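Asker: Following this message is one structure expressed as structure tokens.
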Amino acid sequence: MAQESELAAISVRNLSIQYGDFAALQNVNLDIPRNQISALVGPSGCGKSSFLNSLNRLTDLIPGCRVKGEVIFQTQNLTDSKHDVLSLRRQIGMVFQKPNPFPQSIRRNFEIPLREHGFSKKECRDRMVEALTQVGLWEEVSDRLEKGAANLSGGQQQRLCIARALALEPEVILFDEPCSALDPIASAVVEDLIVSLRERVTVVIVTHNLAQARRIADQLSVFWVRDGSGTIVESGDAGEIFQSPSDPDALNYLCGARG
Amino acid sequence: MAAVLSVGALLWIVLDLVKMGTSQIDWEFLTSGVEESGRAGGIGPVIKSTLLILMCCLLVAIPFGVGCAFWITEMVSPGSRLTAWLTRSVDLLASIPSIVFGLFGMAFFCRILGLGFSILSGGLTLACMILPILIRTTLAAVQSLPPDLRLSATAMGLRKSTILSRVLLPRAFPGILIGFTIGVARALSETAALIFTSGYATRSPASLLDSGRSISVHIFDMAMNVPNGATRASASALVLLLVILMINYLANYFSDQWLKKVN
């Protein structure tokens with residue numbers, strides 16, 4: 001167990017999330033292994049996104065939201081209110097369901113976050129080129145960096161958002177259903193990209209697409225509602241869980257019978 | 001029908017002003033001093049006072065208005081009682097008749113702060129008056145921005161101030177410009193609030209603490225108190241109309257240019 005924790009990029013202990021009186025998530029324990037893809041699946045409203053948001057403290061933005069328990073990242077508990085959230089969010093990036101580049105030029109999309117984190121203009125340019133190359137977008141956009149990011153297609157925008165997150169060289173990238181707003185072809189491109197990211201970052205992905213989870217996940221956690229609030233009912237090696245889930249709800253869900 | 005009526009009314013007013021005023025307007029009229037209570041000479045000092053009052057007003061109102069709107073959206077948690085209370089007071093402030101602002105300005109700026117009947121008092125009074133307009137339009141502009149804009153910026157570890165200045169403000173700028181134009185038009189055409197605060201001296205103001213007559217006060221005075229002043233009042237009104245149209249046009253132009261640049 002101790003060794004496992006050392007390998008984990010993020011260790012979650014007894015995490016509970018409350019919105020006012022409503023407990024969205026209760027007693028979640030999870031080790032997210034380094035340089036692997038951990039997929040979070042489960043029906044809507046069982047706390048997957050809340051869980052994801054708590055990992056980079058986006059839960060702070062929600063009025064009345066309280067997070068209890070521990071999220072250990074680099075030996076520090078990041079649910080601690082004194083934790084430096086700005087540098088945390090640089091290390092744990094996030095990509096959302098709907099592609100959301102800033103409605104400004106492609107270059108500004110990189111400059112705004114990179115300049116904020118203290119990089120020079122020259123470094124911004126280098127990192128932008130590198131990140132855009134990594135997501136396979138450089139060839140497509142290198143001649144229109146000054147044009148608005150809003151003119152790109154949905155898939156391109158999503159890859160731009162991933163590149164923007166990568167440019168900050170995070171340890172972990174959280175994906176909240178990154179393909180569900182894209183057409184199948186763009187979705188496949190983004191999915192392949194996420195798989196290729198595994199070498200450099202730890203990936204945590206919420207997905208409603210079980211086929212996708214089966215294709216890309218190393219680790220799988222099934223969320224379910226128990227006693228009115230979300231929790232993890234099954235977690236472990238993705239292949240094993242898809243083969244023979246032990247929890248009856250997980251079994252039904254993964255076989256497509258429920259949820 | 002309603003559209004025809006409203007366009008018709010506008011055309012009537014404009015044509016009437018053009019018919020009566022155009023013959024009076026020349027360079028001389030725009031630059032020389034007011035003589036015989038306005039029946040002779042021009043409106044040079046009036047234009048100068050108007051611009052100075054407007055400058056005082058905007059210099060105070062824009063930073064306060066935009067700052068206040070951003071403070072409400074960013075610092076006060078949305079949906080809280082404080083937000084509701086603040087927006088309600090802003091709306092209330094917007095519905096106060098200008099003459100009440102005039103009386104307030106006279107009591108507060110002229111008397112209590114000892115600024116007297118001056119360009120400064122008038123400008124500050126107008127600032128109070130257009131503040132709610134600026135706050136309201138800026139609030140609307142910021143609140144209409146897609147929420148994921150703020151979310152994605154926050155998720156990258158940007159400070160609140162950076163999100164505001166680099167992500168939200170560029171996007172909200174055209175909306176803020178609209179508030180600016182409405183505010184300017186309201187300030188330029190204001191009479192009641194200025195009679196009590198800036199006064200109606202027709203001489204050219206030497207400093208911000210001098211009394212000065214704004215163009216709308218001049219129009220009012222010419223039309224009501226000066227026999228045979230109507231044609232000259234029309235000429236002044238035409239000048240006012242042209243100035244407001246020009247500011248509208250410029251604001252539209254800048255907002256288009258800005259959107260082009262940002263997109």
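Asker: Consider A:Gly148 against the criteria (1) more than 18 Å from B:Leu151 (Cα to Cα); (2) more than 14 Å from chain B (Cβ to nearest Cβ): it satisfies all of them except one. Which criterion is unmet?
Answerer: Of the numbered conditions (1) more than 18 Å from B:Leu151 (Cα to Cα); (2) more than 14 Å from chain B (Cβ to nearest Cβ), the odd one out for A:Gly148 is (2).
Residue by residue, here is whether (1) within 7 Å of chain A (Cβ to nearest Cβ); (2) within 27 Å of B:Ala94 (Cβ to Cβ); (3) open to solvent by 10 Å² or more (accessible area, probe 1.4 Å) holds:
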residue: B:Pro132; (1), (2), (3): no, yes, no
residue: B:Arg150; (1), (2), (3): no, yes, yes
residue: B:Ala155; (1), (2), (3): yes, no, no
residue: B:Leu169; (1), (2), (3): no, yes, yes
residue: B:Ala172; (1), (2), (3): no, yes, no
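Asker: When region A:90-113 is examined, which residues are found to be more than 7 Å from chain B (Cβ to nearest Cβ), in a helix (DSSP H, G or I) and crowded, with 23+ Cβ neighbours inside 10 Å?
Answerer: A:Ile106, A:Asn109, A:Phe110
Asker: Out of B:Val239, B:Val226, B:Val243, B:Val217, I need the residue that is touching a residue at least 12 places away in the same chain (Cβ under 8 Å), away from chain A (no Cβ under 14 Å), among the hydrophobic types (A, V, I, L, M, F, W, C) and farther than 25 Å from B:Gly123 by Cα. Which one?
Answerer: B:Val226
Asker: Which condition from (1) closer than 18 Å to B:Met156 by Cα; (2) at pLDDT 90 or above; (3) surrounded by fewer than 21 Cβ atoms within 10 Å (Cβ to Cβ) is the one that A:Ile72 breaks?
Answerer: (1)
Asker: If I filter region A:44-57 down to residues being out of contact with any strand residue (DSSP E or B) (no Cβ under 7 Å at 6 or more places or on another chain) and within 14 Å of another protein chain (Cβ to nearest Cβ), which single residue comes out as farthest from B:Thr154 (Cα to Cα)?
Answerer: A:Asn53
Asker: Of all residues being assigned to a helix (DSSP H, G or I) and within 10 Å of chain A (Cβ to nearest Cβ) in region B:134-148, which is farthest from the chain's Cα centre (by Cα)? Just the residue, please. Spell out the reasoning first.
Answerer: Going residue by residue through region B:134-148, those that are assigned to a helix (DSSP H, G or I) are B:134-143, B:147-148.
With the extra rule that they be within 10 Å of chain A (Cβ to nearest Cβ), the set shrinks to B:147-148.
Values: B:Pro147: 30, B:Asp148: 33 Å.
Per the stated criteria, the residue is B:Asp148.
Asker: Just to be sure I understand, how many residues within region B:67-94 are among the hydroxyl-bearing types (Ser, Thr, Tyr) and closer than 15 Å to B:Leu134 by Cβ?
Answerer: 3
Asker: Further question: Considering only residues that are surrounded by fewer than 16 Cβ atoms within 10 Å (Cβ to Cβ) and either over 15 Å from B:Ala237 (Cα atoms) or among the hydroxyl-bearing types (Ser, Thr, Tyr) (or both), which ones fall in region B:27-36?
Answerer: B:Trp27, B:Glu28, B:Thr31, B:Ser32, B:Gly33, B:Glu35, B:Glu36
Asker: Quick check, is A:Ser120 hydroxyl-bearing (Ser, Thr, Tyr), away from chain B (no Cβ under 14 Å) and under 22 Å from A:Glu199 (Cα atoms)?
Answerer: no
Asker: Please determine whether any residue of region B:3-25 is under 19 Å from B:Val226 (Cβ atoms), open to solvent by less than 60 Å² (accessible area, probe 1.4 Å), modelled with pLDDT under 90 and not in a helix (DSSP H, G or I).
Answerer: The answer is yes; a qualifying residue exists.
Asker: Hey, B:Pro205 hits all of (1) assigned to a helix (DSSP H, G or I); (2) open to solvent by less than 50 Å² (accessible area, probe 1.4 Å); (3) modelled with pLDDT under 90 but one; which does it fall short on?
Answerer: Answer for B:Pro205: the failing condition is (1).
Asker: Name the single residue that is surrounded by the most Cβ atoms within 10 Å (Cβ to Cβ) among those in region B:92-130 being closer than 26 Å to B:Ile72 by Cα and among the small types (Gly, Ala, Ser).
Answerer: Selected residue: B:Gly123.
Asker: If you don't mind, another one. Failed condition for A:Leu61, given (1) open to solvent by 50 Å² or more (accessible area, probe 1.4 Å); (2) farther than 24 Å from B:Val76 by Cβ; (3) within 14 Å of chain B (Cβ to nearest Cβ), with all others met?
Answerer: Of (1) open to solvent by 50 Å² or more (accessible area, probe 1.4 Å); (2) farther than 24 Å from B:Val76 by Cβ; (3) within 14 Å of chain B (Cβ to nearest Cβ), only one is false for A:Leu61: (2).
Asker: Of the residues B:Leu52, B:Leu59, B:Leu93, which single one is within 22 Å of the chain's Cα centre (by Cα) and within 30 Å of B:Asn225 (Cβ to Cβ)? Before you say what the answer is, go through the steps one by one.
Answerer: Values: B:Leu59 fails: within 30 Å of B:Asn225 (Cβ to Cβ); B:Leu93 fails: within 30 Å of B:Asn225 (Cβ to Cβ).
The match here is B:Leu52.
The values are calculated or read from the model by the stated rules, or taken from the named source; none is laboratory data. In this text the structure is predicted, and so the values were computed from the model without any measurement. For neighbour counting, all protein chains shown are included, and Cβ atoms are generated from backbone atoms with ideal geometry for every residue, glycine included. Surface accessibility is based on the protein's heavy atoms, side chains included, excluding ligands, DNA and RNA. Shrake-Rupley method; radii C 1.70, N 1.55, O 1.52, S 1.80 Å.
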